[in-house]
Amino acid sequence: MKLLQFSTSHYCRKARLALGYKQIPYTVENLTPGLHALRLKPLTGLTTLPVLLPEQESLPTAIADSTQILHFLQTHQPEPSYGLTDSVLQSQADMLEDWLDESIGVAARFVYYQFRSREGKSLDPSLSSQLVIQVVRWQYGINSAAVDLATKRLDIALTELAHRWTQPYLVGNQFSVADIAAAALLSPLARIPHYRQTYPWLFDRIVEVHHRCGEALPPGLEQ
Ligand SMILES: N[C@@H](CCC(=O)N[C@@H](CS)C(=O)NCC(=O)O)C(=O)O
């Protein structure tokens with residue numbers, strides 16, 4: 001299989017965690033932001049990454065969207081499983097995954113790129129890095145007002161997750177798509193001291209999920 005990705009994208013990290021958990025061998029193709037749309041549009045009709053190319057007859061040519069990729073992998077190779085045996089708990093995991101994808105992953109992106117252009121500029125003050133950050137801010141409409149809202153949304157999310165993720169698993173007592181989504185989509189916060197100091201349990205969980213999936217730790221958590 002081949003994963004089309006942006007190497008720094010937290011949504012692509014989510015797909016890599018799932019592939020790693022399933023121990024499915026795969027190659028990656030890193031696309032160039034801006035030019036990526038030319039490659040993706042004919043394949044999926046969308047412009048977002050990750051995209052999985054199963055590269056096998058009788059399987060779909062391309063699967064777009066991290067949630068669809070996780071779903072495909074679970075059906076294609078059920079073991080080891082991140083599906084829950086109890087259907088009610090599986091629905092909870094699916095809802096958490098969707099909330100993390102659509103709301104919290106976006107909020108984490110806003111807060112992260114704001115940090116990298118302000119207090120966190122020293123992480124890489126080079127012109128090329130700051131240019132990329134400014135392009136991303138422009139692309140997604142990241143400005144102070146939007147970042148304030150994203151910060152509030154993250155505070156609510158982390159308060160909610162604190163009730164659940166201080167246990168080993170977000171849903172029930174099995175590993176699920178919710179754990180994978182949370183570990184990937186909140187990983188950009190590992191670079192931001194405020195989150196490291198306020199929510200230390202979050203980063204313990206993120207590290208655990210990465211170990212479980214055999215995926216390299218995100219920037220800020222490398223040992
Ligand atoms: N819901 C999508 C979101 C993926 C997403 O937002 N990907 C970003 C990179 S982090 C992207 O490809 N942006 C480029 C674009 O929108 O053209 C998923 O889960 O795969």
Quick one: give the max-minus-min coordinate of the C-alpha atoms of segment 87-213 along each principal axis, largest first, in Å. 48, 25, 24
I need the phi-derived Karplus couplings for segment 190-196: 6.51 cos²θ - 1.76 cosθ + 1.60, θ = phi - 60°, integer Hz, Gly and Pro marked x. 5, 7, 9, x, 4, 6, 4
Does segment 2-76 come out rounded, prolate or oblate by the C-alpha gyration tensor, with a ≥ b ≥ c the root eigenvalues, rounded set by a/c under 1.5 and, if not, prolate when a/b is larger than b/c and oblate if not? oblate
Could you please state, rounded to a whole Å, how far the C-alpha centre of segment 55-96 is from the C-alpha centre of segment 168-184? 14 Å
Neighbourhood net charge (9 Å Cβ-Cβ; Lys/Arg +1, Asp/Glu -1) for residue 67: -4
Largest first and in whole Å, what are the equivalent-ellipsoid semi-axes of the chain based on the Cα gyration tensor, each being the root of 5 times an eigenvalue? 26, 23, 15
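Can you count the Lys pairs in the chain with C-alpha separation below 21 Å, eight or more apart or on different chains?
Count of close lysine pairs: 4.
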In the neighborhood of residue 144, defined by Cβ-to-Cβ distances under 11 Å, what is the net charge if each Lys or Arg adds +1 and each Asp or Glu adds -1? +1
Place a +1 charge on the Cβ of each Lys and Arg in the chain and a -1 charge on the Cβ of each Asp and Glu, then give the dipole magnitude about the Cα centre in debye, rounded to the nearest 20. 720 debye
Determine the shape class of segment 1-132: with a ≥ b ≥ c the square roots of the Cα gyration tensor eigenvalues, call it rounded for a/c under 1.5, and otherwise prolate if a/b is greater than b/c, oblate otherwise. oblate
Quick one: Karplus J couplings for segment 206-211, per residue in order, coefficients 6.51, -1.76, 1.60, θ = phi - 60°, nearest Hz, x for Gly and Pro? 4, 5, 4, 5, 4, 4
Taking a ≥ b ≥ c as the square roots of the eigenvalues of the Cα gyration tensor of segment 62-141, is the shape rounded (a/c under 1.5), prolate (a/b larger than b/c) or oblate? prolate
What whole-number distance in Å separates the alpha-carbon centres of segment 6-35 and segment 133-155? 24 Å
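No value in this document is a laboratory result; all are computed from the given coordinates. Small disclaimer: the values here were computed from a predicted structure and weren't measured. Reconstructed Cβ throughout: ideal geometry from the backbone, glycine too, with neighbour counts over all protein chains shown.
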